[in-house]
Amino acid sequence: MFPFKTSLHLNRASSQPLYLQLSKQIIQLIKENRLQPGVKLPGSRVLSELLEVHRKTIVACYEELLLQGWVESIPKKGTFIHKDLPELQQVNFKNETKENVTLNAGFSFYRKDFLANTPKQVSQGFITVNDGISDGRLTPINEIARIYRRFTSRKDAYKHLSYGSVYGNEKLRIELANYLNNTRGLQLSKENVLITRGSQNGIYIASELLLKPSDVIIVGNTNYIAADLTFKNQNAKILRVSVDENGLNTKEIEQLCKKNVIKAVYVTSHHHHPTTVTLSAERRIHLLNLAQQYQFAIIEDDYDYDFNYNHSPILPLASHDVNRNVIYIGSVCKTVAPVFRVGYLIASKEFVDEAAGYRRIVDRQGDALLELTFAEFIKSGDLDRHIKKVMKIYKVRRDLMCALLTKHLSEYFSFEIPKGGMAIWLKLHAAYSWGKVAELALKEHLVIGDWFRYDPQNTSHNAIRLGFASYNEEEIRELVIKLTNAMKAYVMEKSS
(Lines give C-alpha, C1' and ligand atoms only; values in the text may rest on other atoms or scores of the structure.)
Protein backbone atom coordinates (compact mmCIF):
# COMPACT_ATOMS: atom_id res chain seq x y z
CA MET A 1 0.00 0.00 0.00
CA PHE A 2 1.50 3.33 -1.03
CA PRO A 3 1.96 5.70 1.98
CA PHE A 4 -0.38 8.44 0.78
CA LYS A 5 -0.86 9.86 4.27
CA THR A 6 2.86 10.60 4.71
CA SER A 7 3.56 11.47 1.07
CA LEU A 8 0.86 14.09 0.55
CA HIS A 9 1.03 17.29 2.56
CA LEU A 10 -1.60 20.02 2.56
CA ASN A 11 -1.01 23.66 3.42
CA ARG A 12 -4.37 24.95 4.62
CA ALA A 13 -2.97 28.48 4.93
CA SER A 14 -2.15 28.60 1.23
CA SER A 15 -4.33 30.54 -1.21
CA GLN A 16 -4.15 27.57 -3.57
CA PRO A 17 -7.18 25.25 -3.33
CA LEU A 18 -6.53 21.94 -1.57
CA TYR A 19 -7.56 19.86 -4.59
CA LEU A 20 -4.92 21.60 -6.73
CA GLN A 21 -2.27 21.06 -4.05
CA LEU A 22 -3.13 17.36 -4.07
CA SER A 23 -3.21 17.01 -7.86
CA LYS A 24 0.17 18.71 -8.26
CA GLN A 25 1.74 16.46 -5.60
CA ILE A 26 0.32 13.32 -7.21
CA ILE A 27 1.68 14.45 -10.59
CA GLN A 28 5.09 14.93 -8.98
CA LEU A 29 4.94 11.42 -7.52
CA ILE A 30 4.14 10.08 -11.00
CA LYS A 31 7.06 12.02 -12.51
CA GLU A 32 9.36 10.62 -9.83
CA ASN A 33 8.10 7.12 -10.73
CA ARG A 34 6.93 6.58 -7.16
CA LEU A 35 3.41 6.13 -8.51
CA GLN A 36 3.83 3.93 -11.55
CA PRO A 37 1.51 3.46 -14.55
CA GLY A 38 -1.40 1.16 -13.74
CA VAL A 39 -1.32 1.77 -9.97
CA LYS A 40 -4.78 2.10 -8.47
CA LEU A 41 -5.47 5.21 -6.41
CA PRO A 42 -7.50 4.94 -3.19
CA GLY A 43 -11.23 5.57 -3.39
CA SER A 44 -12.32 9.13 -2.68
CA ARG A 45 -13.79 8.20 0.73
CA VAL A 46 -10.67 6.31 1.82
CA LEU A 47 -8.26 9.07 0.77
CA SER A 48 -10.44 11.80 2.28
CA GLU A 49 -10.34 10.00 5.63
CA LEU A 50 -6.57 9.49 5.38
CA LEU A 51 -5.92 13.17 4.66
CA GLU A 52 -8.77 14.49 6.81
CA VAL A 53 -10.39 16.49 4.04
CA HIS A 54 -13.86 16.56 2.53
CA ARG A 55 -14.59 13.82 0.00
CA LYS A 56 -15.45 16.51 -2.58
CA THR A 57 -11.81 17.69 -2.39
CA ILE A 58 -10.59 14.25 -3.48
CA VAL A 59 -13.24 14.02 -6.21
CA ALA A 60 -12.13 17.43 -7.57
CA CYS A 61 -8.49 16.32 -7.42
CA TYR A 62 -9.21 13.13 -9.39
CA GLU A 63 -11.26 15.09 -11.92
CA GLU A 64 -8.33 17.46 -12.42
CA LEU A 65 -5.90 14.57 -12.94
CA LEU A 66 -8.36 12.96 -15.36
CA LEU A 67 -8.70 16.18 -17.38
CA GLN A 68 -4.93 16.47 -17.64
CA GLY A 69 -4.56 12.85 -18.73
CA TRP A 70 -2.50 11.57 -15.79
CA VAL A 71 -5.12 9.07 -14.61
CA GLU A 72 -7.90 7.03 -16.13
CA SER A 73 -11.22 6.07 -14.56
CA ILE A 74 -12.46 2.53 -15.14
CA PRO A 75 -16.15 1.99 -14.29
CA LYS A 76 -16.77 -0.27 -11.27
CA LYS A 77 -13.00 -0.66 -10.76
CA GLY A 78 -11.70 2.74 -9.73
CA THR A 79 -9.14 5.39 -10.67
CA PHE A 80 -5.73 4.31 -11.96
CA ILE A 81 -2.49 6.02 -12.97
CA HIS A 82 -2.73 6.10 -16.78
CA LYS A 83 -1.22 2.86 -18.05
CA ASP A 84 0.19 4.45 -21.23
CA LEU A 85 2.35 7.03 -19.48
CA PRO A 86 6.00 6.34 -20.37
CA GLU A 87 8.64 6.67 -17.69
CA LEU A 88 10.25 10.11 -17.72
CA GLN A 89 13.94 9.53 -18.48
CA GLN A 90 16.63 11.56 -16.74
CA VAL A 91 20.27 12.13 -17.44
CA ASN A 92 23.23 13.24 -15.30
CA PHE A 93 24.95 16.39 -16.47
CA LYS A 94 28.63 17.28 -16.70
CA ASN A 95 29.72 20.91 -16.51
CA GLU A 96 30.33 21.96 -20.10
CA THR A 97 31.34 25.06 -20.12
CA LYS A 98 18.54 35.94 -51.08
CA GLU A 99 17.30 36.91 -53.84
CA ASN A 100 18.96 40.26 -54.91
CA VAL A 101 16.25 42.60 -56.16
CA THR A 102 16.81 46.15 -57.43
CA LEU A 103 13.88 48.41 -56.58
CA ASN A 104 13.13 52.11 -56.98
CA ALA A 105 15.06 53.03 -53.84
CA GLY A 106 18.33 54.25 -55.30
CA PHE A 107 20.08 51.03 -54.28
CA SER A 108 19.58 47.30 -54.39
CA PHE A 109 18.58 45.18 -51.43
CA TYR A 110 17.49 41.63 -50.65
CA ARG A 111 13.78 40.97 -50.55
CA LYS A 112 12.05 37.95 -49.03
CA ASP A 113 8.72 37.51 -50.74
CA PHE A 114 7.35 35.23 -48.01
CA LEU A 115 7.55 38.16 -45.57
CA ALA A 116 5.76 40.64 -47.84
CA ASN A 117 2.26 40.11 -46.45
CA THR A 118 1.24 43.61 -45.40
CA PRO A 119 -2.03 43.87 -43.42
CA LYS A 120 -4.73 45.89 -45.16
CA GLN A 121 -6.21 48.99 -43.58
CA VAL A 122 -9.89 48.59 -42.71
CA SER A 123 -12.39 51.44 -42.89
CA GLN A 124 -14.37 52.53 -39.85
CA GLY A 125 -17.67 50.71 -39.41
CA PHE A 126 -16.27 47.31 -40.36
CA ILE A 127 -15.85 44.37 -37.98
CA THR A 128 -12.59 42.53 -38.52
CA VAL A 129 -12.27 38.86 -37.62
CA ASN A 130 -9.12 38.26 -35.57
CA ASP A 131 -7.54 35.00 -34.49
CA GLY A 132 -7.81 35.62 -30.76
CA ILE A 133 -6.55 38.77 -29.06
CA SER A 134 -7.37 40.42 -25.76
CA ASP A 135 -9.83 43.29 -25.44
CA GLY A 136 -7.87 46.52 -25.04
CA ARG A 137 -10.90 48.11 -23.36
CA LEU A 138 -10.33 45.82 -20.37
CA THR A 139 -6.67 46.75 -19.98
CA PRO A 140 -5.95 48.06 -16.44
CA ILE A 141 -4.37 51.16 -17.92
CA ASN A 142 -4.95 53.31 -14.83
CA GLU A 143 -3.16 50.85 -12.55
CA ILE A 144 -0.25 50.53 -14.98
CA ALA A 145 -0.05 54.31 -15.44
CA ARG A 146 -0.11 54.87 -11.68
CA ILE A 147 2.84 52.53 -11.14
CA TYR A 148 4.70 54.09 -14.09
CA ARG A 149 4.19 57.63 -12.71
CA ARG A 150 5.37 56.54 -9.29
CA PHE A 151 8.67 55.30 -10.72
CA THR A 152 9.21 58.28 -13.01
CA SER A 153 8.55 60.76 -10.19
CA ARG A 154 11.37 59.38 -8.04
CA LYS A 155 14.59 61.34 -7.75
CA ASP A 156 16.60 58.37 -8.99
CA ALA A 157 14.42 57.78 -12.06
CA TYR A 158 17.27 59.04 -14.27
CA LYS A 159 19.20 55.85 -13.47
CA HIS A 160 16.76 53.90 -15.64
CA LEU A 161 17.09 56.24 -18.63
CA SER A 162 20.49 55.06 -19.81
CA TYR A 163 21.72 51.76 -21.25
CA GLY A 164 20.90 48.81 -19.06
CA SER A 165 21.38 45.06 -19.02
CA VAL A 166 20.87 43.13 -22.26
CA TYR A 167 19.15 40.51 -20.08
CA GLY A 168 16.38 42.96 -19.17
CA ASN A 169 15.49 44.75 -15.96
CA GLU A 170 16.80 42.74 -13.00
CA LYS A 171 13.72 43.31 -10.80
CA LEU A 172 11.45 42.02 -13.55
CA ARG A 173 13.65 38.97 -14.06
CA ILE A 174 13.44 38.19 -10.34
CA GLU A 175 9.66 38.74 -10.18
CA LEU A 176 9.05 36.68 -13.31
CA ALA A 177 11.17 33.83 -11.95
CA ASN A 178 9.16 33.83 -8.71
CA TYR A 179 5.83 34.18 -10.54
CA LEU A 180 6.54 31.38 -13.01
CA ASN A 181 7.81 29.13 -10.22
CA ASN A 182 4.56 29.64 -8.31
CA THR A 183 2.11 29.47 -11.21
CA ARG A 184 3.73 27.09 -13.69
CA GLY A 185 5.69 24.70 -11.49
CA LEU A 186 9.09 25.83 -12.80
CA GLN A 187 12.31 25.98 -10.82
CA LEU A 188 14.00 29.16 -11.97
CA SER A 189 16.35 31.86 -10.83
CA LYS A 190 16.85 35.16 -12.62
CA GLU A 191 19.82 33.59 -14.48
CA ASN A 192 17.31 31.49 -16.44
CA VAL A 193 15.31 34.53 -17.58
CA LEU A 194 15.86 36.77 -20.59
CA ILE A 195 13.36 39.61 -21.02
CA THR A 196 12.19 39.95 -24.63
CA ARG A 197 9.89 42.26 -26.57
CA GLY A 198 7.10 39.68 -26.67
CA SER A 199 6.95 36.01 -27.61
CA GLN A 200 7.82 36.55 -31.26
CA ASN A 201 11.09 38.21 -30.27
CA GLY A 202 11.89 35.13 -28.16
CA ILE A 203 11.08 32.73 -31.02
CA TYR A 204 13.34 34.73 -33.36
CA ILE A 205 16.28 34.79 -30.95
CA ALA A 206 15.92 31.06 -30.21
CA SER A 207 15.81 30.18 -33.91
CA GLU A 208 18.90 32.29 -34.60
CA LEU A 209 20.87 30.29 -32.04
CA LEU A 210 19.47 26.88 -33.00
CA LEU A 211 19.07 26.85 -36.75
CA LYS A 212 21.47 27.19 -39.64
CA PRO A 213 20.50 26.68 -43.31
CA SER A 214 19.15 23.15 -43.91
CA ASP A 215 18.90 22.35 -40.19
CA VAL A 216 15.70 20.43 -39.45
CA ILE A 217 12.89 21.69 -37.24
CA ILE A 218 9.60 19.84 -36.69
CA VAL A 219 6.24 21.64 -36.44
CA GLY A 220 2.59 20.67 -36.81
CA ASN A 221 0.91 20.42 -40.20
CA THR A 222 -1.14 23.32 -38.89
CA ASN A 223 1.07 25.81 -37.11
CA TYR A 224 1.46 29.39 -35.93
CA ILE A 225 2.22 31.23 -39.17
CA ALA A 226 4.70 33.70 -37.60
CA ALA A 227 6.77 30.78 -36.28
CA ASP A 228 6.76 29.18 -39.73
CA LEU A 229 8.00 32.43 -41.25
CA THR A 230 10.72 32.73 -38.60
CA PHE A 231 12.08 29.26 -39.34
CA LYS A 232 11.79 29.83 -43.07
CA ASN A 233 13.78 33.03 -42.60
CA GLN A 234 16.60 30.86 -41.18
CA ASN A 235 16.47 28.70 -44.34
CA ALA A 236 15.75 25.76 -42.07
CA LYS A 237 14.17 22.56 -43.36
CA ILE A 238 10.67 22.39 -41.89
CA LEU A 239 9.20 18.91 -41.38
CA ARG A 240 5.58 18.57 -40.38
CA VAL A 241 3.63 16.03 -38.33
CA SER A 242 -0.10 15.63 -37.96
CA VAL A 243 -2.12 17.29 -35.21
CA ASP A 244 -5.19 15.60 -33.73
CA GLU A 245 -7.33 16.07 -30.63
CA ASN A 246 -4.29 15.22 -28.47
CA GLY A 247 -1.92 17.70 -30.12
CA LEU A 248 1.25 17.01 -32.07
CA ASN A 249 1.65 13.36 -33.07
CA THR A 250 4.80 12.39 -31.19
CA LYS A 251 4.96 8.93 -32.78
CA GLU A 252 5.45 10.66 -36.11
CA ILE A 253 8.12 12.85 -34.50
CA GLU A 254 9.89 9.69 -33.33
CA GLN A 255 9.88 8.27 -36.86
CA LEU A 256 11.35 11.51 -38.22
CA CYS A 257 14.05 11.39 -35.54
CA LYS A 258 15.13 7.97 -36.78
CA LYS A 259 15.67 9.30 -40.31
CA ASN A 260 16.89 12.87 -39.71
CA VAL A 261 19.09 14.89 -37.38
CA ILE A 262 16.52 17.07 -35.63
CA LYS A 263 17.63 20.39 -34.16
CA ALA A 264 14.33 21.49 -32.64
CA VAL A 265 10.59 20.89 -32.27
CA TYR A 266 8.26 23.88 -32.01
CA VAL A 267 5.10 23.32 -29.99
CA THR A 268 2.23 25.38 -28.57
CA SER A 269 1.42 22.75 -25.99
CA HIS A 270 -1.31 24.44 -23.99
CA HIS A 271 -3.62 25.40 -26.85
CA HIS A 272 -2.18 24.41 -30.20
CA HIS A 273 -2.10 27.31 -32.61
CA PRO A 274 -4.30 27.41 -34.60
CA THR A 275 -6.58 24.45 -33.70
CA THR A 276 -6.71 25.14 -29.88
CA VAL A 277 -6.21 21.45 -28.85
CA THR A 278 -4.07 20.57 -25.82
CA LEU A 279 -1.02 18.30 -25.96
CA SER A 280 -1.87 15.22 -23.88
CA ALA A 281 0.12 14.16 -20.82
CA GLU A 282 1.29 10.99 -22.57
CA ARG A 283 2.60 12.93 -25.56
CA ARG A 284 4.23 15.55 -23.35
CA ILE A 285 6.38 12.95 -21.63
CA HIS A 286 7.03 11.13 -24.91
CA LEU A 287 8.25 14.38 -26.49
CA LEU A 288 10.51 15.13 -23.52
CA ASN A 289 11.98 11.63 -23.71
CA LEU A 290 12.59 12.00 -27.45
CA ALA A 291 14.31 15.34 -26.87
CA GLN A 292 16.64 13.71 -24.35
CA GLN A 293 17.28 10.67 -26.54
CA TYR A 294 17.91 12.58 -29.78
CA GLN A 295 19.26 15.75 -28.16
CA PHE A 296 17.04 18.33 -29.79
CA ALA A 297 15.56 21.50 -28.34
CA ILE A 298 11.86 21.98 -27.66
CA ILE A 299 10.68 25.53 -28.31
CA GLU A 300 7.56 25.73 -26.14
CA ASP A 301 5.48 28.79 -27.01
CA ASP A 302 2.99 29.15 -24.15
CA TYR A 303 1.16 32.11 -25.63
CA ASP A 304 -2.13 31.92 -23.67
CA TYR A 305 -1.44 29.88 -20.55
CA ASP A 306 -3.65 32.04 -18.33
CA PHE A 307 -6.94 31.57 -20.19
CA ASN A 308 -8.70 28.35 -19.15
CA TYR A 309 -12.43 28.06 -18.63
CA ASN A 310 -13.10 24.39 -17.78
CA HIS A 311 -10.22 23.60 -15.42
CA SER A 312 -7.01 25.03 -14.00
CA PRO A 313 -4.13 25.54 -16.45
CA ILE A 314 -2.14 22.44 -17.37
CA LEU A 315 1.48 22.86 -16.38
CA PRO A 316 3.83 23.47 -19.32
CA LEU A 317 6.38 21.02 -20.69
CA ALA A 318 9.04 23.16 -19.06
CA SER A 319 7.73 22.17 -15.61
CA HIS A 320 8.55 18.50 -16.38
CA ASP A 321 11.87 19.24 -18.11
CA VAL A 322 14.54 17.44 -16.08
CA ASN A 323 17.01 17.31 -18.96
CA ARG A 324 17.16 21.01 -19.90
CA ASN A 325 15.79 20.51 -23.39
CA VAL A 326 12.97 23.07 -23.23
CA ILE A 327 13.17 26.72 -24.24
CA TYR A 328 10.05 28.20 -22.67
CA ILE A 329 8.66 31.36 -24.27
CA GLY A 330 5.78 33.56 -23.15
CA SER A 331 4.68 37.15 -22.64
CA VAL A 332 2.32 39.50 -20.87
CA CYS A 333 1.26 40.95 -24.25
CA LYS A 334 -1.59 38.47 -24.75
CA THR A 335 -2.72 38.71 -21.15
CA VAL A 336 -2.73 42.49 -20.70
CA ALA A 337 -2.50 44.18 -24.12
CA PRO A 338 -0.40 43.60 -27.26
CA VAL A 339 1.04 47.12 -27.06
CA PHE A 340 3.08 46.22 -23.98
CA ARG A 341 5.99 44.39 -25.60
CA VAL A 342 7.18 42.53 -22.52
CA GLY A 343 7.93 38.83 -22.84
CA TYR A 344 10.42 36.24 -21.64
CA LEU A 345 12.64 33.42 -22.80
CA ILE A 346 13.34 30.75 -20.17
CA ALA A 347 16.18 28.26 -20.61
CA SER A 348 19.43 27.01 -19.11
CA LYS A 349 21.83 29.74 -17.98
CA GLU A 350 24.23 28.86 -20.80
CA PHE A 351 21.55 29.36 -23.47
CA VAL A 352 20.23 32.55 -21.84
CA ASP A 353 23.75 33.99 -21.74
CA GLU A 354 24.21 33.28 -25.45
CA ALA A 355 20.74 34.67 -26.25
CA ALA A 356 21.54 37.86 -24.32
CA GLY A 357 24.74 38.24 -26.32
CA TYR A 358 22.81 37.91 -29.56
CA ARG A 359 20.13 40.30 -28.38
CA ARG A 360 22.80 42.98 -27.98
CA ILE A 361 23.19 43.26 -31.76
CA VAL A 362 19.50 43.13 -32.74
CA ASP A 363 17.68 45.03 -29.97
CA ARG A 364 20.19 45.96 -27.23
CA GLN A 365 17.56 46.27 -24.49
CA GLY A 366 13.90 46.84 -23.77
CA ASP A 367 12.08 49.71 -22.11
CA ALA A 368 13.60 49.69 -18.63
CA LEU A 369 10.87 51.85 -17.06
CA LEU A 370 8.10 49.72 -18.57
CA GLU A 371 9.83 46.54 -17.40
CA LEU A 372 10.18 48.03 -13.91
CA THR A 373 6.48 48.92 -14.00
CA PHE A 374 5.50 45.36 -14.88
CA ALA A 375 7.77 43.98 -12.16
CA GLU A 376 5.68 45.92 -9.64
CA PHE A 377 2.44 45.07 -11.49
CA ILE A 378 3.21 41.37 -10.98
CA LYS A 379 4.53 41.69 -7.43
CA SER A 380 1.51 43.70 -6.21
CA GLY A 381 -0.93 41.05 -7.43
CA ASP A 382 -2.46 43.39 -10.04
CA LEU A 383 -1.67 40.92 -12.83
CA ASP A 384 -3.48 38.06 -11.07
CA ARG A 385 -6.46 40.29 -10.32
CA HIS A 386 -6.63 41.36 -13.96
CA ILE A 387 -6.50 37.73 -15.14
CA LYS A 388 -9.34 36.71 -12.81
CA LYS A 389 -11.45 39.63 -14.00
CA VAL A 390 -11.04 39.09 -17.75
CA MET A 391 -11.34 35.30 -17.43
CA LYS A 392 -14.96 35.67 -16.29
CA ILE A 393 -15.71 38.11 -19.11
CA TYR A 394 -14.02 36.03 -21.81
CA LYS A 395 -15.86 32.90 -20.69
CA VAL A 396 -19.20 34.68 -21.10
CA ARG A 397 -18.12 35.84 -24.56
CA ARG A 398 -16.97 32.35 -25.53
CA ASP A 399 -20.27 30.85 -24.44
CA LEU A 400 -22.28 33.49 -26.29
CA MET A 401 -20.27 33.14 -29.50
CA CYS A 402 -20.59 29.34 -29.45
CA ALA A 403 -24.32 29.48 -28.69
CA LEU A 404 -24.99 31.91 -31.55
CA LEU A 405 -22.86 29.96 -34.01
CA THR A 406 -24.76 26.79 -33.10
CA LYS A 407 -28.16 28.47 -33.36
CA HIS A 408 -27.66 30.36 -36.62
CA LEU A 409 -24.79 28.75 -38.54
CA SER A 410 -24.61 25.04 -37.64
CA GLU A 411 -25.67 24.04 -41.17
CA TYR A 412 -22.53 25.71 -42.54
CA PHE A 413 -19.90 25.33 -39.82
CA SER A 414 -18.71 22.89 -37.17
CA PHE A 415 -16.52 23.48 -34.13
CA GLU A 416 -15.59 22.22 -30.68
CA ILE A 417 -16.14 24.56 -27.76
CA PRO A 418 -12.57 25.55 -26.77
CA LYS A 419 -11.57 24.75 -23.19
CA GLY A 420 -9.36 27.81 -23.08
CA GLY A 421 -7.69 30.49 -25.14
CA MET A 422 -9.37 33.32 -27.00
CA ALA A 423 -10.44 31.74 -30.29
CA ILE A 424 -12.61 29.03 -31.85
CA TRP A 425 -11.32 26.67 -34.57
CA LEU A 426 -14.20 27.13 -37.02
CA LYS A 427 -14.54 24.54 -39.81
CA LEU A 428 -16.49 25.45 -42.93
CA HIS A 429 -18.34 22.55 -44.53
CA ALA A 430 -16.64 21.18 -47.65
CA ALA A 431 -19.39 22.44 -49.98
CA TYR A 432 -18.30 26.02 -49.31
CA SER A 433 -15.17 28.09 -49.88
CA TRP A 434 -13.65 30.59 -47.43
CA GLY A 435 -12.63 32.75 -50.38
CA LYS A 436 -16.24 33.21 -51.39
CA VAL A 437 -17.37 33.62 -47.77
CA ALA A 438 -14.79 36.39 -47.28
CA GLU A 439 -15.92 38.11 -50.49
CA LEU A 440 -19.59 38.10 -49.48
CA ALA A 441 -18.83 38.99 -45.85
CA LEU A 442 -17.04 42.14 -47.02
CA LYS A 443 -20.34 43.35 -48.47
CA GLU A 444 -21.74 43.02 -44.94
CA HIS A 445 -18.83 45.12 -43.59
CA LEU A 446 -17.26 42.00 -42.07
CA VAL A 447 -13.56 41.53 -42.88
CA ILE A 448 -12.30 37.93 -42.67
CA GLY A 449 -8.89 38.79 -44.14
CA ASP A 450 -6.14 36.35 -45.06
CA TRP A 451 -8.11 33.17 -44.30
CA PHE A 452 -5.68 31.10 -46.41
CA ARG A 453 -2.82 31.64 -43.92
CA TYR A 454 -4.25 28.86 -41.74
CA ASP A 455 -3.58 26.26 -44.44
CA PRO A 456 -0.19 27.01 -46.02
CA GLN A 457 0.27 23.29 -46.82
CA ASN A 458 -3.06 23.05 -48.68
CA THR A 459 -4.38 20.27 -46.47
CA SER A 460 -7.97 21.39 -47.18
CA HIS A 461 -9.01 21.43 -43.53
CA ASN A 462 -11.21 24.42 -44.49
CA ALA A 463 -10.99 26.08 -41.06
CA ILE A 464 -9.94 29.40 -39.55
CA ARG A 465 -9.48 30.80 -36.05
CA LEU A 466 -12.38 32.98 -34.97
CA GLY A 467 -11.47 35.13 -32.00
CA PHE A 468 -14.11 35.99 -29.41
CA ALA A 469 -12.29 37.70 -26.53
CA SER A 470 -11.89 41.14 -28.09
CA TYR A 471 -15.60 41.62 -28.90
CA ASN A 472 -18.24 42.67 -26.40
CA GLU A 473 -21.61 40.91 -26.42
CA GLU A 474 -23.22 43.41 -28.79
CA GLU A 475 -20.31 43.07 -31.24
CA ILE A 476 -20.48 39.28 -31.08
CA ARG A 477 -24.17 39.37 -32.00
CA GLU A 478 -23.45 41.79 -34.85
CA LEU A 479 -20.57 39.65 -36.14
CA VAL A 480 -22.73 36.52 -36.20
CA ILE A 481 -25.56 38.38 -37.97
CA LYS A 482 -23.15 39.59 -40.66
CA LEU A 483 -21.67 36.13 -41.11
CA THR A 484 -25.18 34.62 -41.28
CA ASN A 485 -26.21 37.11 -43.96
CA ALA A 486 -23.07 36.31 -45.94
CA MET A 487 -23.80 32.57 -45.81
CA LYS A 488 -27.42 33.07 -46.87
CA ALA A 489 -26.18 35.12 -49.84
CA TYR A 490 -23.74 32.31 -50.63
CA VAL A 491 -26.53 29.72 -50.66
CA MET A 492 -28.65 31.91 -52.93
CA GLU A 493 -25.75 32.25 -55.38
CA LYS A 494 -25.20 28.50 -55.42
CA SER A 495 -28.87 27.79 -56.07
CA SER A 496 -29.30 30.40 -58.81
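Would you please give the FRET efficiency between residue 2 and residue 107, computed as 1/(1 + (r/R0)^6) with r the Cβ-Cβ distance and R0 = 60 Å, to the nearest 0.05? It comes to 0.25. The simple spin-label model puts a point 7 Å past each Cα toward its Cβ; for residue 76 and residue 417 those points are separated by 3.1 nm. A probe of 1.4 angstrom, applied to the heavy atoms of all protein chains, finds residue 414 with accessible area near 50 square angstrom. With a ≥ b ≥ c taken as the square roots of the eigenvalues of the C-alpha gyration tensor of the range 256-324, please select rounded if a/c is under 1.5 and otherwise prolate if a/b is larger than b/c or oblate if it is not? Prolate, since a/c reaches 1.5 and a/b exceeds b/c. Restricting the trypsin sites (Lys or Arg not before Pro) of the range 133-224 to loop positions (DSSP other than H, G, I, E, B) with no more than 12 neighbouring Cβ atoms within 10 Å leaves 154, 155. Taking chymotrypsin sites (Phe, Trp or Tyr not before Pro) across the range 131-168, the ones in a DSSP loop with at most 14 further Cβ atoms lying within 10 angstrom of their Cβ are 163. Remark: spin-label model distance residue 348-residue 439 equals 5.5 nm, labels positioned 7 Å along the Cα→Cβ axis.
Beyond 44 Å, the tail of the calculated P(r) for the chain holds 18 percent of the Cα pairs.
For the chain, with all protein chains in place and a probe radius of 1.4 Å, 50% of the accessible heavy-atom surface sits on carbon or sulfur. Full extension of the chain segment joining residue 459 with residue 496 gains 10.4 nm, where the gain is 0.36 nm per residue of separation less the Cα-Cα distance.
Computed over neighbours whose Cβ is under 10 Å from that of residue 82, the net charge equals -2, Lys and Arg +1, Asp and Glu -1. A straight Cα-to-Cα reach below 28 Å connects residue 83 with the lysines 5, 24, 31, 40, 56, 251, 258, 419, residues fewer than 8 places away in its own chain not being considered. Note on residue 402 and residue 163: with the Förster distance fixed at 56 Å, the Cβ-Cβ geometry gives a FRET efficiency of about 0.70. The distance between label points at residue 311 and residue 150 comes to 3.8 nm (points 7 Å beyond Cα on the Cα→Cβ vector).
The figure for residue 408 is an accessible area of roughly 80 square angstrom, using a 1.4 Å probe on the protein chains alone. Ranked by solvent-accessible area (1.4 Å probe, protein heavy atoms only, all chains present), the residues 215, 301 order from largest to smallest as 215, 301. With a cut-off of 9 Å between beta carbons, the residues surrounding residue 246 carry a summed charge of -2, where Lys and Arg count +1 and Asp and Glu -1. Only protein heavy atoms count here; under a 1.4 Å probe, residue 380 has an accessible surface of about 50 Å². Taking the helices alone, the chain has a mean residue ellipticity at 222 nm of -13000 deg cm²/dmol, built from -39,500 (n - 2.57) per DSSP H run of at least 4 residues and averaged over all its residues.
The values are calculated or read from the model by the stated rules, or taken from the named source; none is laboratory data. Here the structure is a predicted model, which is why all the values come from computation and not from measurement. We place every Cβ from the backbone using ideal geometry, glycine too, and count neighbours over all the protein chains shown. Side chains included, ligands, DNA and RNA excluded: accessible areas come from the protein's heavy atoms. Shrake-Rupley method; radii C 1.70, N 1.55, O 1.52, S 1.80 Å.
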